[in-house]
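Let me begin by presenting the structure, written as structure tokens, before commenting on it.
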Amino acid sequence: MKIVIVEDDKTIRDNLHEILEAYGYEVSSYEDGLQGLGGIKQIIPDLVVCDIMLPLMDGYQVLKQLKSEELTRNIPFIFLTARSERADQRKGMELGADDFIVKPFTTQELINAINTRLQKEKNTENKIQDALYLKLHDFTKINSHEYNTPLNGILGLSSTLIDSIDQLSKDEIVEVAKAIRTSSKRLFRTFKNFLLYIQIQRAELKSHKTLTDTSWILAHAENLLNQKAMKFNRLEDVVFEKSVNGNFELQLPTEDLSYLLEELVWNAFKFSKRGEKVSLLVETDQKGFSIHVRNPSKERFLFEDIEAFKQFDRAAQEQQGSGLGLYLCKKISEIYAWKLSAVQKADILTMSLQVTS
């Protein structure tokens, strides 16, 4: 187990180092906040013990920097300080500190605090692993056909090409190739959703943000709507509308945004029938945009009921899908503080996404 000490008093720092090494910990120690922050980022320890009053960068600043980065935000953090005022402790807790040890302290008080914090971290990790195992079990049980069906299609169709290539016409070869591509895309979609689910569960979603403006979102939304309509052979059911009340420019994770919009449009077609209109309305102003996707639906839909590996209206429909799409949309919107909502009125379901600065 790795522990980082950040303490400017050499005597205290050396004593802490010796005590913790004697208890079997791998210890690194630093004399100021700036060095300590660099060491923590490089080592990624199991726990940090840090003084508040430090040269160059105080303990509050160190903690704030650690909490701002995905790689270090979950490292257990204990403040070591001569200050005992409640205001100082409250500020530390508000920043995300896990505990306080007030000088002077005994060796046993130090070890007890560290062991308690590490045990809590271990219990939390075990709970996460247990929950992930249960979800993996659900995923395997509910969605085995999402692997087997397209994989069997790819294997069977590719065997047909290999064994009968001389007997097939050019048109027949093209049809077989298209069927293989369709199965491959379905399998790829299943794996992509599952990997995205793992990233979100582990707080490892890392997306590059690019400058996005009014013209981009209008063109992207309309193009996406038409692509999915063509996929379902329902171009005649498409209704695209826009209301531009101002232009915006925002730094956005366009890959995650595209995924979310694609899922909303995909579900609108999947849960409606040929001849029923699927509409997409884009509203913009200087602060951002809202997108509303509407489709007929007589089934009662509750947004709060969305869960991982739970397919909407599965009892009535044997639709394709892993049961992850809307759940991932919900989690992505939470991560970026976007507003995703659903309203059902007069047999029309409206899924809305609002993104503002």
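The values are calculated or read from the model by the stated rules, or taken from the named source; none is laboratory data. Since the model is a prediction, treat every value here as computed from it, not as a measurement. All Cβ positions, glycine included, derive from the backbone under ideal geometry; neighbour counts span all protein chains shown. Note: accessible area is taken over every heavy atom of the protein model, side chains too, but ligands, DNA and RNA are not part of it. Shrake-Rupley method; radii C 1.70, N 1.55, O 1.52, S 1.80 Å.
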#### Entry: Accessible-area order (highest first, 1.4 angstrom probe) of the listed residues SER68, SER352
SER68, SER352
### Message
Order VAL278, VAL174 by their accessible area, 1.4 angstrom probe, all chains in place, largest first.
### Response
VAL174, VAL278
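Over segment 1-74, what is the relative contact order in whole percent, taking alpha-carbon pairs under 8 Å and six or more residues apart?
Working: 116 pairs, mean separation 25.6, N = 74.
Here the relative contact order equals 35 percent.
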### Query
Could you give the length gained on full extension between MET93 and ASN152, defined as 0.36 nm per residue of separation minus the Cα-Cα distance, in nm?
15.8 nm
## Note on the structure
Computed from the beta carbon distance with a Förster radius of 30 Å, FRET efficiency for GLN129 and THR107 to the nearest 0.05 stands at 0.40
### Query
Which order, highest average first, do 224-233, 99-108 follow once you tally other Cβ atoms within 10 Å for each residue and take the mean per peptide?
224-233, 99-108
### Query
Nearest 0.05, what FRET efficiency do LYS67 and LYS345 give at R0 = 51 Å with Cβ-Cβ as r?
0.75
#### Entry: Label-point gap, in nm, between ASN233 and PHE191 - each point 7 angstrom along Cα→Cβ
2.9
### Query
Over segment 178-253, what is the mean sequence separation of C-alpha contacts under 8 Å (at least six apart), divided by residue count, expressed as relative contact order in percent?
40
### Query
Can you give the FRET efficiency for GLU121 and GLU172, using 1/(1 + (r/R0)^6), R0 = 56 Å, r = Cβ-Cβ distance, to the nearest 0.05?
0.40
### Message
Averaging the inverse of every distinct alpha carbon separation and then flipping it gives the Kirkwood radius. What is it for segment 192-283, in angstrom units?
### Response
14.7
### Query
Where the accessible area of segment 245-299 is counted over protein heavy atoms with a 1.4 Å probe, how much of it, in %, is carbon and sulfur?
41
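How much length is gained if the chain between GLU26 and GLN42 is pulled fully straight, taking 0.36 nm per residue apart and subtracting their Cα-Cα distance, in nm to one decimal? Walk me through the numbers before you get to the answer.
Values: separation 16, 0.36 × 16 = 5.76 nm, distance 1.43 nm.
Gain on stretching GLU26 to GLN42: 4.3 nm.
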### Message
For the pair LYS10/ILE165, report the inter-label distance in nm, with labels modelled 7 Å from Cα in the Cβ direction.
### Response
7.7
